[in-house]
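This report concerns only the one structure given below.
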Amino acid sequence: MLSRRQKVWILRVFGLFSVVRGYNILMVTLAQYLAAIFILAPDWPVKKVVFDLNLFMLVTASALTIAGGYIINNFYDAEKDLINKPRKSMLDRLVPQRIKITGYFVLNFLAVFCASYVSFRAVFFFSSYIFGIWLYSHKLKRLPLLGNLVSAVLAITPFFAVFVYYKNFETVIFVHAVFLFLLILARDMIKDLENMAGDMAQNYSTIPIRYGVPFSKGMVTALFVLTLIPCWALVSRFHVGRMDYYFGAAMLLMPFCVFLLWKSSRKKHFVWLHNILKVLIVVGVFSILLIDMDLLINRFL
């Protein structure tokens with residue numbers, strides 16, 4: 001039998017995993033490697049990409065920075081999350097604030113240390129990324145639209161580190177980035193609709209609070225429509241292999257999301273829509289494998 005102290009420490013480990021959202025970090029790490037293999041460096045041998053120490057350091061720096069970002073975001077949103085996410089908040093509170101803040105600084109230091117192995121430019125990049133996350137958590141997230149835009153940019157920033165490393169400037173990569181950016185921005189705005197109660201209690205000036213729910217739904221609808229443009233371009237103008245099935249499915253899903261959005265009136269409805277977009281993003285990560293079926297069959301299977 002475990003002692004009470006051991007049980008507390010086990011719960012704190014789960015709490016810390018919840019605070020840093022370890023599952024999200026794993027997905028970002030996987031997405032960076034798949035993007036490097038199938039999109040950014042398709043002509044490189046898979047082994048060379050997977051065992052590239054510089055890439056490993058960049059991906060590790062990204063994971064550490066994101067983990068630190070979730071900690072500082074959790075620190076500033078502690079009171080709001082008690083209203084919006086009471087169950088998760090109770091688990092997060094098992095981790096003392098002292099441990100969270102210490103972890104934040106340690107993770108960021110390790111991120112910069114990993115980046116220093118690659119180059120001084122990588123150090124500057126991740127130092128700027130760390131500052132941007134802090135500025136967003138401390139100030140910008142309270143501002144309507146600007147906070148949403150910055151949040152979406154920060155979410156795709158780790159991919160730019162890998163993108164710059166491989167110096168692949170093909171148009172198809174930018175179109176992929178635009179699709180992901182629009183999807184993440186739409187999801188972020190839906191989160192504002194989902195979290196209105198806590199945002200109002202903490203005086204957050206989000207779009208639905210400042211301009212009203214119908215206006216916010218209109219903006220999300222516009223984003224869903226705009227998402228169709230990169231989807232169409234990736235299917236008809238660029239070679240994305242069997243991943244065109246994913247983008248075709250995404251195009252069919254957008255009208256359903258618009259319908260569901262305008263039918264939504266309660267928090268649980270917005271949570272459903274938020275989860276649909278989250279699943280779409282996760283499926284998109286694994287769909288990268290479909291870009292080059294020959295590579296997938298010959299090198300992985």
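In table form, for the structure just shown:
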| item | result |
| --- | --- |
| Output for region 127-156, where each listed residue is of a type in the set (D, E, K, R), assigned to a helix (DSSP H, G or I) and farther than 19 Å from L182 by Cα | R142 |
| Residue satisfying condition, being of a type outside the set (S, T, Y), touching a Pro at 6+ places or on another chain (Cβ under 6 Å) and modelled with pLDDT of 90 or more, within set F109, F131, F179 | F179 |
| Residues of region 101-133 that turn out to be within 12 Å of V19 (Cβ to Cβ) and surrounded by fewer than 20 Cβ atoms within 10 Å (Cβ to Cβ), as a count | 2 |
| Where P96 falls short, out of the listed (1) closer than 22 Å to V153 by Cα; (2) loosely packed, with under 14 Cβ neighbours inside 10 Å | (1) |
| Any chance G241 is on the phi > 0 side of the Ramachandran plot, surrounded by 15 or more Cβ atoms within 10 Å (Cβ to Cβ) and outside the structural domain of K139 (by TED's automatic domain parsing) | yes |
| Residue pairs meeting the criteria (Cβ under 6 Å; at least 6 apart or on separate chains; first closer than 15 Å to H176 by Cα, in region 26-39; second at pLDDT 95 or above and not aromatic (F, W, Y)) | Q32/V59 |
| Sole residue being in the same structural domain as I72 (by TED's automatic domain parsing) and crowded, with 16+ Cβ neighbours inside 10 Å, chosen from A152, A186 | A152 |
| Residues of region 198-216 that turn out to be in a helix (DSSP H, G or I), surrounded by fewer than 20 Cβ atoms within 10 Å (Cβ to Cβ) and of a type outside the set (G, A, S), as a count | 7 |
| Residue pairs meeting the criteria (Cβ under 7 Å; at least 6 apart or on separate chains; first more than 17 Å from S264 (Cβ to Cβ), in region 195-206; second part of a loop (DSSP other than H, G, I, E, B)) | S205/L143; S205/P144 |
| Residue among Y117, Y166 that alone is at pLDDT 90 or above and closer than 23 Å to L58 by Cα | Y117 |
| Residues being buried (at least 24 other Cβ atoms within 10 Å of the Cβ) and either outside any helix (DSSP H, G or I) or of a type in the set (F, W, Y) (or both) - total across region 52-72 | 0 |
| Residue under evaluation G241, criteria (1) more than 28 Å from P214 (Cα to Cα); (2) free of Cβ contacts under 8 Å to residues at least 12 places away in the same chain, criterion not met | (2) |
| Odd one out for L234 among (1) modelled with pLDDT of 95 or more; (2) touching a helix residue (DSSP H, G or I) at 6+ places or on another chain (Cβ under 9 Å) | (1) |
| Complete set of residues in region 217-232 that are more than 10 Å from M189 (Cα to Cα), buried (at least 17 other Cβ atoms within 10 Å of the Cβ) and more than 21 Å from the chain's Cα centre (by Cα) | none |
| Selected residue [touching a helix residue (DSSP H, G or I) at 6+ places or on another chain (Cβ under 8 Å), modelled with pLDDT under 90 and of a type in the set (A, V, I, L, M)] from L289, L223, L277 | L289 |
| Qualifying residue in region 80-89 (condition: in contact with a Leu (Cβ under 9 Å, 6 or more places away or on another chain), at pLDDT below 95 and not small (G, A, S)) | no |
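The values are calculated or read from the model by the stated rules, or taken from the named source; none is laboratory data. The structure presented is a predicted model; accordingly, all values stated were derived computationally and were not measured. Ideal geometry is used to build each Cβ from the backbone, glycine not excepted, and the neighbour counts take in all protein chains shown.
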